[in-house]
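Below is one structure, written out as structure tokens; comments come after it.
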Amino acid sequence: MRKVIVGAMVSMDGVMQAPGGPEEDPTGGFKFGGWVAPLGDDPVFGEALGKLFGGPFDLLLGRRTYEIFAAYWPYAEGGPSDDIAKTFNRITKYVATRKGVDLTWKGSVAMRDAAKDVAKLKQEDGPVLLTQGSTELVHALLAAGLVDEIHTFTFPLLLGKGKRLFGDDSQPRAFKLTHSSVSSNGLIAATYVRDGEVKTATVGGEVEPSATELARREKLKREGQGV
């Protein structure tokens, strides 16, 4: 079974729009495209990115992110990002698109229903499925409960309006922090893995049992075994 991993560069207020350059995505009048560059030359950031891209993976991309990547990475081999260019050009790129897109980049596969198609891909054997950018796709995967890990790179910036990592329709899930590092520039790299259901409690009181635990207790009662 394949894991779905979300990789996202975000501001402190959760904006992930156009980190790479001024012309990347000005949708909605966004004026701060390229906000990663002034702080991106950071050893903590570089090490965390290296770990994220260090294992076998295929990409999950929204249409807009795909078009941006397809216009750059096929021509980037031999440049300063040669290693990642070669990796991106070699692996499979799954592209969420309802309207269709010209899949000129070698190894590209269209997904007409992202949530259903990714759910099917998860059942297969293969490398992890990694998102980059692709806000709408990430929202759809979170709403469907398909995300297994979230890797965030939080920059010490407030960007105000812009496309955000989390929407209002994310399926409730608990996550556990498995790794974190902080740079001298204030960048925080963090890895979260899925950790069951959300638990609630009153401060100072007992933790409320999860829905799964309540169902287990009810089953035991019906079977006459007690709790």
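The values are calculated or read from the model by the stated rules, or taken from the named source; none is laboratory data. Note that this is a predicted model, so its numbers are computed, not measured. Because the Cβ atoms are built from the backbone with ideal geometry, glycine has one as well, and the counts that use them run over all protein chains shown. Note: areas computed on protein heavy atoms with side chains; ligands, DNA, RNA excluded. Shrake-Rupley method; radii C 1.70, N 1.55, O 1.52, S 1.80 Å.
Pairs Lys3/Lys120; Lys176/Lys199; Lys93/Lys176: which are spaced more than 20 Å apart, C-alpha to C-alpha? Provide the component values of the computation, followed by the final result.
Working: Lys3/Lys120 12 Å; Lys176/Lys199 13 Å; Lys93/Lys176 28 Å.
Where the Cα-Cα span goes over 20 Å, the pairs concerned are Lys93/Lys176.
When all protein chains stay in place, what accessible area (Å², nearest 10, 1.4 Å probe) is found for Ser210?
20 Å²
Along the positive direction of the dipole of segment 30-178 (beta-carbon charges: Lys, Arg +1; Asp, Glu -1; about the Cα centre), which of Tyr72, Ile84, Tyr94 reaches farthest?
The Cα lying farthest towards the positive end belongs to Tyr94.
Can you pull the percent of the chain's accessible area that's carbon plus sulfur, 1.4 Å probe, other chains left in place? Show your work: numbers first, answer last.
Values: 6850 of 12880 Å².
Carbon and sulfur together cover 53 percent of it.
Ala110's amide H: which non-local residues (gap 5+, or another chain) put their own amide H closer than 5 Å, with H modeled 1.01 Å from N in plane and none for Pro or chain starts?
Placed amide hydrogens put Val95 under 5 Å from Ala110.
Short version: ³J(HN,Hα) in whole Hz for each residue of segment 179-187, in order, from phi by Karplus 6.51 cos²θ - 1.76 cosθ + 1.60 (θ = phi - 60°), x for Gly and Pro, what are they?
7, 8, 8, 10, 8, 5, 7, x, 6
Between segment 37-91 and segment 97-172, how many Å separate their Cα centres?
16 Å
What is the dipole size for segment 11-166, taken about its Cα centre, with +1 at each Lys and Arg Cβ and -1 at each Asp and Glu Cβ, in debye to the nearest 20?
Working: 17 positive and 20 negative charges, 123 e Å.
Computed about the Cα centre, the dipole is about 600 debye.
Per residue, how large is the accessible surface of the chain? Use a 1.4 angstrom probe and give square angstrom.
Counting only protein heavy atoms, the per-residue value for the chain is 57 Å².
Search the structure for amide H atoms under 5 Å from the amide H of Met9, placed 1.01 Å from N in the peptide plane, and list their residues when 5 or more places away or on another chain.
Gly133, Phe153
Against the longest principal axis of the chain, how steep is helix 211-222, in degrees 0 to 90 to the nearest 10, with axes from Cα atoms?
30 degrees
Give me the angle, in degrees from 0 to 90, between the Cα long axis of helix 43-52 and the longest principal axis of the Cα atoms of the chain, rounded to the nearest 10.
Roughly 70 degrees between the two axes.
Step through the residues of segment 106-114 one at a time and calculate ³J(HN,Hα) from phi using the Karplus curve (6.51 cos²θ - 1.76 cosθ + 1.60, θ = phi - 60°), rounding each to whole Hz and writing x for Gly and Pro.
Listing the rounded values in order: 3, x, 8, 10, 7, 10, 7, 10, 4 Hz.
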